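Heads up, the thing below is written out as structure tokens.
Computed from the coordinates by the stated procedures, all read-outs in this text should not be read as laboratory data. These numbers were taken from a predicted model, which means no experiment stands behind them. Every residue, glycine as well, gets a Cβ built from its backbone with ideal geometry; the counts of neighbours run over all protein chains shown.
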Amino acid sequence: MIYGRQFKVARDEDGNHDSAGVVREAPWVAVPQVVTAVRVLERLSGDHDGLLFAAEVHDPRDTERRIGRSLAIATMSNRVEDFTEWVNTYARSRGRQAEVIPPDPHGRVGTGRFRRTLAWHIARRPGGLVALAVQYGHMRTLISQGYGSRTRGGIHDLLDFETARTVAEHLSEVHEAIQGGYGVSGPAARRLIHAAAQEHHRFGGMIATVKQARRLLADPTLNVFENKEAFLFCNYDRSKALCHPGRGGKTEAPSLDRCRSNCANIARTDQQARQLREAAGSLRQQADSRLVPEPLADRLRERAETLSELADKHDADRVTTG
Ligand code: SF4
């Protein structure tokens, strides 16, 4: 847990701005890598109570004037550039050209876009939108106002934007695959085909503004979420969702981490069926290793069998638009 102070909203009992800040009510829940990074920063500064990015430690120009200050935004932006350069040198020195970060046509990345990039990656993981809200410290807002709330800027705009962009990208990919003769299966197959065609017609896979994001999210037929862990698309219809114990409630988003294989919102593409077979193959390979204890090997084989059955069912039920 990382505890910190916040300054922007800090007020004393008379309502005056408190320049010393107040301890943030909700701490950040961090992964171990973040904790290690914080420890390294503390050791660099040699001061456990001071600022993590103290200017006098990290940018020792004109130290006297900078005591007690944090690194300036411009310096942080330069560090982001340096980081990109470091990644590229590292990737090239190991012959990993594909991992080189290309020059950005929109100029320098800066702190704002770096934050958005991190958000993009977090949002695209299963349960990522909730993780994003936690990471950016707006969990309470998210819970109290629900996913569907459009009344506040900030985190809601960010969540809306990232959600809509992911949905649009996935639906356009599905549309192209269907046009290319690939098939779709599952109780929600026809809904997925329709959603993919609609999205392609209205947005072309590109969400560039928050306004567009809201338009897409406001259309219930386009509420389609990829569940990578379960190799399926959830065509979210709240009344049919099996992941919410109290169905008919107010939840505006599926709980992908509690996805049920018999839900009527499921659709699966040929690509996901192929991924199911690949995952099954990989599990069988692990189970055959002499290093794996027998009870674990049995469980791996069982899971592989379930995945193969899902892929077989897809092959038997798939429909194409042709
Ligand atoms: S159970 Fe799965 S498919 Fe059904 S609504 Fe929940 S996440 Fe979507």
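Under a Gaussian network description of the chain, with springs only between Cα atoms under 10 Å, the residue in Arg66, Arg277, Arg303 that fluctuates furthest is Arg66.
Of all the options Ser172, Ser19, Ser261, the one that moves most in a Gaussian network model of the chain with Cα springs shorter than 10 angstrom is Ser19. Here the Gaussian network model covers the chain, with springs between Cα atoms less than 10 Å apart; of Leu291, Leu222, Leu51, Leu291 fluctuates the most.
Overall, region 167-296 carries a charge dipole of about 460 debye about its Cα centre when +1 sits on the Cβ of Lys and Arg and -1 on the Cβ of Asp and Glu, all other atoms neutral.
Taken about its Cα centre, the chain carries a charge dipole of about 500 debye when Lys and Arg each add +1 at the Cβ and Asp and Glu each add -1 at the Cβ. Our summary of shape: the Cα atoms of region 150-232 have principal axis extents of 41, 27, 17 Å, ordered from largest down, in whole angstrom. Projected over every direction and averaged, the convex hull enclosing the alpha-carbon atoms of the chain yields 23.0 nm².
Ordering Ile178, Phe225, Ala54 by the projection of their Cα atoms onto the charge dipole of the chain, which places +1 on the Cβ of Lys and Arg and -1 on the Cβ of Asp and Glu, puts Ile178 at the extreme positive end.
Relative contact order for the chain using alpha-carbon pairs under 8 Å, separation at least 6, rounded to a whole percent?
Answer for the chain is 12 percent.
A simple spin-label model places pseudo-atoms 7 Å from Cα toward Cβ; at Trp120 and Val35 they are separated by 3.0 nm. Based on Cα atoms of region 38-115, Rg over Rh with Rh as the Kirkwood radius reads 1.07.
Kirkwood hydrodynamic radius of region 1-92, from the reciprocal of the average inverse Cα-Cα distance over all distinct pairs: 15.6 Å. On the basis of the beta-carbon distance and an R0 of 22 Å, Arg79 and Asp47 show a calculated FRET efficiency of 0.65.
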